[in-house]
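The block underneath contains the structure these notes are about, expressed in structure tokens.
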Amino acid sequence: MTDISVGLDPRATLLHVDDLHVEFRTRDGVAKAVNGASFYLNPGETLAILGESGCGKSVTAQAVMGILDSPPGHVTGGRVLYRGVDLLQLAEKDRRQFRANRIAMIFQDALSALNPVYTVGFQLAELFRKHRGMSRAAAKVKAIELLDQVRIPAAKERINDYPHQFSGGMRQRVMIAMALALDPEVLIADEPTTALDVTVQAQIMGLLAELQHQRNMGLILITHDMGVVADVADRISVMYAGKIVEEAPVYDIYARPAHPYTKALLESIPRLDHKGRELNVIRGLPPSLTDIPQGCAFHPRCGYARDICRMDQEPPAYQIAAHRIARCHFIREVLGV
Amino acid sequence: MFRYIVRRLLQMVLTFFGATFIVYALMFAVQDDPIQALVGERPITASQRAALTERYHLGDNFFAQYWYYMKGLLTGDFGTSMTNRKVADMLADAWPVTLRLSLMAIVIAATIAILAGVVSAIRRGSIFDNATLVVTLIVLAMPIVVIAPLAQLVFGIKLGWFPVTAGKDASLWQLLLPAGVLASLVVATELRVTRASVAENLRADYVRTARAKGLTGARVIGVHVLRNSLIPVITLIGVDLGALMSGAIVTEKVFNIPGVGFNLFRGIRTEDGPLVVGFVSVLVIVFLVVNLIVDLLYAALDPRIRYE
Amino acid sequence: MSDTKSRSLSSDAWHDLRRNKIFWIASVLVVVVLLMAAWPSLFTSADPRDCVLSRKHAGATGGAIFGYDFQGCDVYAKTVYGARYSIVVGVFATLISGVIGLGFGLAAGFFGGWLDAVLSRFIDVMLGIPLLLGAIVLAKRLSADPASNGVFAVTVTLGLLGWTTAARVMRSSVIAAKNQDYVAAARMLGAGNSRLLFRHILPNSMASFIVVLTILLGINIASEATLSFLGIGLKGDAISWGIAISDATGYVRVAAGPLIWPSLFLAATVLAFIMLGDAVRDAFDPKLR
């Protein structure tokens, strides 16, 4: 096993994604899924990446993990710095050592994300056997411990069950156990609760938050659900057409969004105190990734758009305050100052 | 699992009686003179006629006839050939070499199909994939009556790489060419199913999970994808057996291997009706039993069915 | 996006097919075989039944470009005339199977319920008998008359035994079509059973059905040759590639031509129909690619 700690700088940012570009080359043309996404993550912190489906948030996560389907997916630019080391420059053999060990991921639909023909015990123990060189027996003990940690009742017996024998919530707990098995420093959760009932959603989010605090782990929460984000996230990055359009601490963004898209997203949440009022929905559809509008990609759907938004140059990242960025020419108007 | 087995067994009993009934009906029903049909054009004496009538209970009504026939099949009495040999004895002589031949064919076909199918699926659209596609198409279209004599002519006689015929106590080496010929009957379908199934599984979410776990590419494919992909391939073995049986009749004739197929061929050629009926009945039963086993194997391989 | 006109599935499929090399190769082969079956004299002026023993295994001369077989017959002429019997048996057996499969599949798929259960069981039972084994028994029964040339017996045998796949495909595509919204809408608007079947369900189920029949045609031609090879297929004055191959295997050390040529023609014919079916299926079902 190669020593993966070589070259890591403990003082550097835990995870820093810088100007990431990803495209999918298909027969029908090139889809630009990620167009210069940048964000960072510190230990113990929760960053939510928020956006509609197809905005590139899942693709970004997969590119960070290095598990893009390729072909057709290709990372065409940018850096993914883990403690100062650019993962994109590593050979696949070295890169593999980061997965599960340093950066782990949980997926939306645990039923399809778990292999249907192996027991959950096998799929958990596999991590210890392949990464830690443990024996089957020792790996099984660790697997039971993990299931206990994510509070699956009767872990000893359930270790021999297959994924389809678990309920949705329990299956997502298995996924979490699997992701945390090797004590990663970064956990990427891609819509971890979308497929679950509302009550189960809260349990799973609670469990995730608890485990995160215990381990001082950085968590990237990918979601389209602004409700989930408000409770758990420290910072939010809003993604549109493969680009982070606004980045802010969670309180600020809810109080005063700086980007028209964020504002529209917030206004489209049903609220009890607005009962009876008509819900604001964002008009139009997200752009086709093969044909992203010039200038600001959001301009065709934006109420603030003027000629400058349709120009070749996209709006730069305006610094609003410390840790606050928005890519819009009319921040002041949106903020209402 | 238990309910699945019971259900499959019940279905199998129905299929068993249905299939044997059809075979029997095809043989004896709606026939002016079933005895003449049994013996073909050869002249027949009154005593032979009486013996056959008694043997097949042709004096009774049709369902009683079927009942006696089934009783015989289930007690291992498959009748007596026109050469006065017991069909059961002939089968006992013939089956070992046929079994060896078909097992070799199954192993050859499965090895090629799985290896090439997996590579094709991983490198979809590559030269290898396209070449495989064309080759399988050609092999798929080669009837056994074309491939067996031509393989013997080219690889046995012209090139001299393999023995031309196999004979009674054939060695594995002598059986290799005929086994390859038999394998060609099923390899194309198996390969295509493997390719389609691996390609489909490669896109599955659990593959992404396996890669996110930092497993090597070989383990992702060899352990996670293959186990899922082979389930539909295994179920093919049952269907393939039918093709192998048909193929064995021609192959054993061409390569002079005195197995089950060879005997059946001779029975057809010498118009030995009792022999043909006996052999075909036994083969149909074997086919049904193997298909039942495959069904149960399927359940063992796929936990989603096992715990239904 | 210049092509704004929405294309239907069939015109899309045709668009794909036209660019598929395999489709064109198969089509040309099929046309040649059909011509050969209809007008063999276009391809040879020799009489395949004009056999002179003194020419036994003679080499290629004049029109007999493939030489002569063990009875002194012109191998080329015999091979050309063999196409007719293959095609006749194959086409009519496929038609019989098609009619039975259509009836079974439509009835089981459209009416469902206990009828579907019974018919599906029956199909399972039929699938319990390997095709060739069933054919051996049935063909032997049907060809009991020593004077016949076996064409009728083999055609009926293959037709009666080969319909199961066609029936299954028809059944599942009828069930799929039945559950389409537009069929439910038509039903609500008061369309009767026969109107639903012939106007809405059948047209949408035909593509896969025809593909299966095309491939079955190839399989039937191969099965006819195999049965003839075994001695329970065509016989008497019928000319069959299967018989020619069977005869030639006995003399293959002396003369390989009489084995090779009918084998190649047979393989090419079967290949043509299977390729054609494959190409059309790929065009209609792009996700299989």
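Can you find, among A:V228, A:L285, A:F128, the residue farthest towards the positive end of the dipole of chain A? Put +1 on the C-beta of Lys and Arg, -1 on that of Asp and Glu.
Selected residue: A:F128.
Give me the inter-chain shielding for C:119-130: mean count of other chain Cβ atoms within 10 Å, whole number please.
Shielding by partners across C:119-130 averages 6.
Roughly how many whole Å is it from the C-alpha centroid of region C:191-207 to that of region C:77-141?
23
Please state the relative contact order of chain C as a whole percent: Cα pairs under 8 Å, 6+ residues apart?
With pairs under 8 Å counted, the relative contact order is 25 percent.
Quote the charge dipole size of region B:87-269 about the Cα centre in Debye, to the nearest 20; the model charges only the Cβ of Lys and Arg (+1) and of Asp and Glu (-1).
That gives a dipole near 620 debye.
Just want the ordering: C:T94, B:T45, from fewest to most Cβ atoms lying within 10 Å of their own Cβ.
Taking fewest neighbouring Cβ atoms as first place, the list is B:T45, C:T94.
What 222 nm value per residue comes from the helices of chain B, counting each DSSP H run with n ≥ 4 as -39,500 (n - 2.57) and dividing by all residues, nearest 500 deg cm²/dmol?
Theoretical 222 nm ellipticity from helices: -24500 deg cm²/dmol.
Eight or more residues apart or on different chains, and alpha-carbon atoms under 21 Å: count the Lys pairs in chain A matching that.
Within chain A, the lysine pair count is 11.
Of A:R215, A:R27, how do they rank once you tally other Cβ atoms within 10 Å and put the fewest first?
A:R27, A:R215
How long are the three semi-axes of the equivalent ellipsoid of chain C, in whole Å, if each is the root of 5 times an eigenvalue of the C-alpha gyration tensor, listed from largest down?
Over the Cα atoms of chain C, the ellipsoid semi-axes are 42, 24, 13 Å.
Pick out, from B:P96, B:A218, B:F262, the residue whose Cα sits farthest towards the positive end of the charge dipole of region B:87-269, with +1 on the Cβ of Lys and Arg and -1 on the Cβ of Asp and Glu.
B:A218
When chain A is modelled as a GNM with alpha-carbon springs shorter than 10 Å, which of A:M311, A:M239, A:M175 fluctuates the most?
Among A:M311, A:M239, A:M175, the largest mean-square fluctuation in the Gaussian network model of chain A belongs to A:M311.
Listed highest first by mean packing, meaning other Cβ atoms within 10 Å per residue, what order do C:106-113, C:237-244, B:237-244 come in?
C:237-244, B:237-244, C:106-113
Report, to the nearest 10°, how far helix A:198-215 tilts away from the longest principal axis of the Cα atoms in chain A, using its own Cα long axis and a range of 0 to 90°.
70
Put +1 on the Cβ of every Lys and Arg and -1 on every Asp and Glu Cβ in the protein assembly as shown; which of B:I114, C:V118, B:L236 then has its Cα farthest towards the positive end of the dipole?
B:I114
Taking the Cα centre of the protein assembly as shown as origin, sum charge times position over the Cβ atoms of Lys and Arg (+1) and Asp and Glu (-1), and report the length of that vector in debye to the nearest 20.
400
Name the residue, out of B:R227, B:R195, B:R203, whose mean-square fluctuation peaks in a Gaussian network model built on chain B with Cα pairs under 10 Å.
Maximum among the listed residues: B:R203.
Can you give the calculated 222 nm mean residue ellipticity of chain C, where each DSSP H run of n ≥ 4 adds -39,500 (n - 2.57) and the sum is split over every residue, rounded to the nearest 500 deg cm²/dmol?
Here the helix-only value at 222 nm equals -22500 deg cm²/dmol.
Under DSSP H, which helices of chain B have Cα atoms covering 24 Å or more of the helix axis and a Kyte-Doolittle average no less than 0.5?
Length and hydropathy pass: B:2-28, B:87-122, B:172-202, B:226-254, B:273-301.
Nearest 5 is fine: what % of DSSP beta bridges in region A:183-337 come out antiparallel, could you say?
70
For a test of the definition: using alpha carbon positions, the gyration tensor, and the 1.5 limit on a/c, classify region A:11-118 as rounded, prolate or oblate.
Verdict is rounded for region A:11-118.
Ranking B:I108, A:I236 by Cβ neighbours within 10 Å, fewest first, what do you get?
Starting with the residue having the fewest Cβ neighbours, the order is B:I108, A:I236.
Under the definition of partner shielding as Cβ atoms of other protein chains within 10 Å of a residue Cβ, what is the mean value for peptide C:266-276?
That works out to 4 on average.
Within chain C, which DSSP H helices have Cα atoms that stretch 27 Å or more along the helix axis and a mean Kyte-Doolittle hydropathy of at least 1.0?
C:75-111, C:202-230, C:257-284
Per residue of B:13-20, how many C-beta atoms from partner chains lie within 10 Å of its own C-beta, taken as a mean?
4
Looking at the P(r) of chain B, how many percent of alpha-carbon pairs lie beyond 26 Å?
Of all Cα-Cα distances in chain B, 57 percent exceed 26 Å.
Distance between the C-alpha centers of region C:211-284 and region A:62-123? Whole Å please.
53
Looking only at C:M170, C:M275, C:M206, which one moves most when chain C is put into a Gaussian network model with springs between Cα atoms under 10 Å?
Checking each option, the largest mean-square fluctuation is seen for C:M206.
Using packing as a proxy for protection, rank B:281-292, B:115-126 so that the peptide with the highest average count of other Cβ atoms within 10 Å comes first.
B:281-292, B:115-126
About its Cα centre, what dipole magnitude does chain A give when the only charges are +1 on Lys and Arg Cβ and -1 on Asp and Glu Cβ, stated in debye to the nearest 20?
420
What net charge do the residues around C:V183 carry, taking every other residue with its C-beta under 14 Å from that of C:V183, with Lys and Arg at +1 and Asp and Glu at -1?
With Lys, Arg at +1 and Asp, Glu at -1, the neighbours total +3.
Determine the distance separating the Cα centre of region B:47-126 from the Cα centre of region A:180-248; give it in Å without decimals.
Computed from Cα coordinates, the inter-centre distance equals 63 Å.
We did not get these values from a lab; they are worked out from the coordinates using the rules stated. Please read all numbers here as calculations on a predicted model, not as lab measurements. Counting neighbours? That spans all protein chains shown, and the Cβs are built from the backbone with ideal geometry, glycine included.
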